Each structure stands twice: as C-alpha cells, then as structure tokens.
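Student: Can you read through this structure? Questions will come right after.
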Amino acid sequence: MAAIILLLCSLASLVSICSAETCSNYSFPSNQVFDSCLDLPVLQASLHWNYSRLTTKVQIAYRATQIPKGWIAWALNPMGRGMIGSQALVAFRHFNGSMIAYSTSITSYNPSMLPSELGIPVSDISAEYVDRQMIIFGVLGPLGNQTSFIHVWQGGSTVVENIPQVHPLSGQNVESLGLINFLSS
C-alpha cells in the first residue's frame with residue numbers, strides 16, 4: 001500500500017504537491033524546524049512559523065510549487081485587507097541559478113517589486129529552490145501586541161532583469177489572501 005501511495009504522490013507531484021504531503025510532515029532540506037504551519041488553500045503553498053511571545057518576533061518559511069524561472073512572494077498586511085499596504089518577502093532564481101530574496105512594500109496594484117524597507121522590521125531573509133518548490137525564510141518583528149494579520153501570497157511565471165513581473169489577475173491569484181494568527185498552531 002505504501003508503494004502505491006508513493007507512486008501516486010510521484011505522479012501527482014508532476015502537477016502539484018501530493019495531498020499526502022502536508023505542511024505538518026514536510027522536512028526542510030536545511031533541517032529547520034517550525035512549531036506551526038498552515039496549508040494555504042490556493043497556489044500550492046504553505047506557511048510555517050515559530051512565534052516567540054517573549055520577543056514578539058515570528059520566524060517564517062513560506063513555500064510554494066514554482067517553475068525555475070518564476071517567483072513567489074508572501075506578505076503581511078498590518079493595516080489593510082488585501083494587496084495594497086502589504087509588507088512582502090519576495091524570492092526568485094537569478095539566471096546563474098542562485099536564489100535572490102528581499103523585502104518590498106506593495107504600495108499600488110502596479111508595484112515596482114524592487115527591494116525596499118518594510119514598515120515591519122525584517123531580518124534573516126533567504127531563499128531556496130528544492131524539488132520544484134521555492135522557499136522564503138525570514139524573521140519579522142517585533143510585532144508588538146498584534147498576532148493576527150491579513151496575509152497574502154503570490155506567484156508569477158516571469159522575472160525580467162531581476163524584477164518579478166505581473167502575476168495572473170484571475171483564478172487562484174486573486175484568491176490568495178487570508179487571516180493568520182501566529183498564536184495558533
């Protein structure tokens with residue numbers, strides 16, 4: 001039976017993350033461990049985190065299935081309900097194969113997607129590309145007393161001159177937002 005599940009997962013991974021692989025049983029190649037995670041409802045993505053009540057900082061790993069020439073982004077929106085005002089972490093593969101990861105503020109529906117400072121302190125941003133998945137790592141905070149946020153996540157198929165290009169404006173790409181509470185597990 002296990003062999004059948006592995007075969008089905010192998011076939012499914014050609015299209016998407018295998019349903020048997022949830023965020024709770026994912027092992028990071030870098031051996032990082034996260035106390036909490038959430039399988040996101042669209043874009044074949046998940047969010048993993050460790051929240052410190054003492055420092056009010058959250059260590060995150062956002063991972064999503066992506067083609068090598070594409071890009072991913074995950075963001076908190078501390079004040080708004082959607083994309084505008086989001087404080088984003090972005091990752092993509094440089095043409096030389098190395099991963100690029102940085103922060104950017106989303107201030108319009110046509111953002112520059114260039115690196116910029118965030119309104120939320122952020123550190124330790126990095127990224128990996130493993131098994132058809134891009135992963136962004138980072139530490140956000142201190143977040144103060146706020147533990148619930150609107151969060152948004154995105155992905156696109158094109159990067160030109162190290163600038164992620166517009167993502168699709170329909171389907172799952174317009175459904176990729178939700179509420180996250182870092183105290184939940």
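What follows is calculated from the coordinates using simple rules that are stated; it is not laboratory data. Quantities reported herein were computed from a predicted structural model and do not represent experimental measurements. Quick reminder, even Gly has a Cβ in these numbers, built from the backbone with ideal geometry, and neighbours come from all protein chains shown.
Student: What is the distance, in nm, between label points placed 7 Å from the Cα along the Cα-to-Cβ direction at V130 and at T55?
Tutor: 2.1
Student: Would you mind checking the radius of gyration and Dmax of region 78-185 based on alpha-carbon positions, in Å?
Tutor: Expressed in Å, the Cα Rg and Dmax of region 78-185 come to 14.1, 42.
Student: While we're looking at this one, here's another question. Could you tell me, in Å, what Rg and Dmax come out for the Cα atoms of region 108-153?
Tutor: For region 108-153, the Cα radius of gyration and maximum Cα-Cα distance read 13.3, 37 Å.
Student: What nm value, rounded to one decimal, do you get for the distance between T22 and S148 when each label is placed 7 Å out toward the C-beta?
Tutor: My value for the distance between the label points is 2.3 nm.
Student: Next question, about the same structure. Under 10 °C and 1.306 mPa s, how fast does region 11-164 diffuse according to Stokes-Einstein, given a Kirkwood radius computed over C-alpha pairs? Answer in µm²/s, whole number.
Tutor: Numbers: Rh = 15.8 Å.
Diffusion coefficient, whole number: 101 µm²/s.
Student: Using each residue's phi in region 115-130, evaluate 6.51 cos²θ - 1.76 cosθ + 1.60 at θ = phi - 60° and report the 3J(HN,Hα) Karplus result to the nearest Hz, with x for Gly and Pro.
Tutor: Once θ is set to phi - 60°, the couplings for region 115-130 become x, 7, 6, 9, x, 9, x, 9, 8, 6, 7, 8, 8, 9, 10, 9 Hz.
Student: Nearest 5 is fine: what % of DSSP beta bridges in region 38-185 come out antiparallel, could you say?
Tutor: Numbers: 52 of 52 bridges.
About 100 percent, rounded to the nearest 5.
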